[in-house]
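So the structure is just underneath, and the comments pick up after that.
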Amino acid sequence: ATALGRRVAELYIDPVTAEVGRAFFESQKRPTTLSYLFMLSSTPDAVTVSVRKGDYETLESVLEQRGGELPEPPVDEFEYHEYLSRLKTALLLEEWVEEVREDVLVDKYDVGPGDLYLLTQTAVWIAYSLSQVAEILGYSDHAAKLMLLSKRLEHGVKEELLELVSLRGIGRVRARSLYKHGYRSLADLLVATVEELARVPGIGLTLAKRIKAQLEQGLNEATAGMPSRASETSGEQSRLDSYL
């Protein structure tokens with residue numbers, strides 16, 4: 001087996017999924033988020049949403065406006081219907097990572113909460129898997145972007161919130177609340193007091209204490225065993241920077 005073949009087997013993805021990724025990496029030089037999401041939705045491992053006749057006008061309007069981000073639609077009627085299903089799925093996932101509320105997505109795309117969870121988590125798996133495929137094939141830029149997209153899909157956030165949602169108990173809503181109130185990184189949270197964090201809507205005293213405990217534990221682990229000599233201050237700062 002080739003290195004790619006072994007990795008595909010380890011990831012438990014359909015070999016055709018890897019081939020869809022390979023074709024995309026070879027042909028796309030400047031893909032957008034929608035381009036990646038459409039590609040993920042076009043793999044045999046993807047879960048897609050159904051398209052009704054009433055969706056055609058809206059989806060075709062998107063095609064007119066954003067067709068440059070997507071492959072050419074097929075002529076065959078059945079294949080065109082499948083194409084629109086992939087597009088609708090990609091649009092749902094795009095809104096998910098742009099932090100549109102779950103209830104809005106459930107209503108707009110006519111899916112249940114469980115369906116939304118399955119759609120997003122399957123996309124997480126495929127994005128991660130294809131980032132590994134891209135790395136093996138030498139497409140490091142695609143690999144990095146797909147890894148980032150996988151994390152955004154996991155949490156349903158814009159890139160700016162990824163650091164905050166790495167904390168236990170902080171989801172997309174609380175992370176956005178913290179960000180709006182000036183806490184935009186772990187470093188910001190580290191220097192804040194429990195009382196200051198507790199005043200942020202959606203946080204409260206109990207969660208604020210948990211946040212501080214997590215940060216202090218992480219800082220202690222990062223600084224464990226550091227030499228105290230002044231001559232090694234730069235090495236200490238490097239470890240702190242790595243943690244933060």
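The values are calculated or read from the model by the stated rules, or taken from the named source; none is laboratory data. Note that this is a predicted model, so its numbers are computed, not measured. Methodologically, a virtual Cβ is constructed for each residue, glycine included, from the backbone with ideal geometry; neighbour enumeration extends over all protein chains shown. SASA here: full protein model, heavy atoms, side chains in, ligands and nucleic acids out. Shrake-Rupley method; radii C 1.70, N 1.55, O 1.52, S 1.80 Å.
Which residue out of ARG86, ARG101 is exposed (fewer than 15 other Cβ atoms within 10 Å of the Cβ), of a type outside the set (A, V, I, L, M, F, W, C) and without any contact (Cβ under 8 Å) to a residue 60 or more places away in the chain?
Criteria check complete, one pass: ARG101.
Can you tell me which residue among GLU19, GLU72, GLU57 is open to solvent by 60 Å² or more (accessible area, probe 1.4 Å), in a loop (DSSP other than H, G, I, E, B) and without any contact (Cβ under 8 Å) to a residue 12 or more places away in the chain?
The match here is GLU72.
Of all the residues that make up the range 113-164, how many are open to solvent by 10 Å² or more (accessible area, probe 1.4 Å) and of a type in the set (Val, Ile, Thr)?
Result for the range 113-164: 3.
The rows are residues; the columns are (1) under 17 Å from the mean Cα position of the chain (by Cα); (2) at pLDDT 95 or above; (3) open to solvent by 50 Å² or more (accessible area, probe 1.4 Å).
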{"position": "PHE25", "(1), (2), (3)": "no, yes, no"}
{"position": "GLN28", "(1), (2), (3)": "no, no, yes"}
{"position": "PRO31", "(1), (2), (3)": "yes, yes, no"}
{"position": "SER35", "(1), (2), (3)": "yes, yes, no"}
{"position": "LEU40", "(1), (2), (3)": "yes, yes, no"}
{"position": "PRO44", "(1), (2), (3)": "no, yes, yes"}
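Can you name the condition, by its number, that VAL62 falls short on among (1) out of contact with any Ser or Thr (no Cβ under 9 Å at 6 or more places or on another chain); (2) surrounded by 14 or more Cβ atoms within 10 Å (Cβ to Cβ); (3) farther than 21 Å from LEU153 by Cα; (4) touching a residue at least 60 places away in the same chain (Cβ under 8 Å)?
Every listed condition holds for VAL62 apart from (4).
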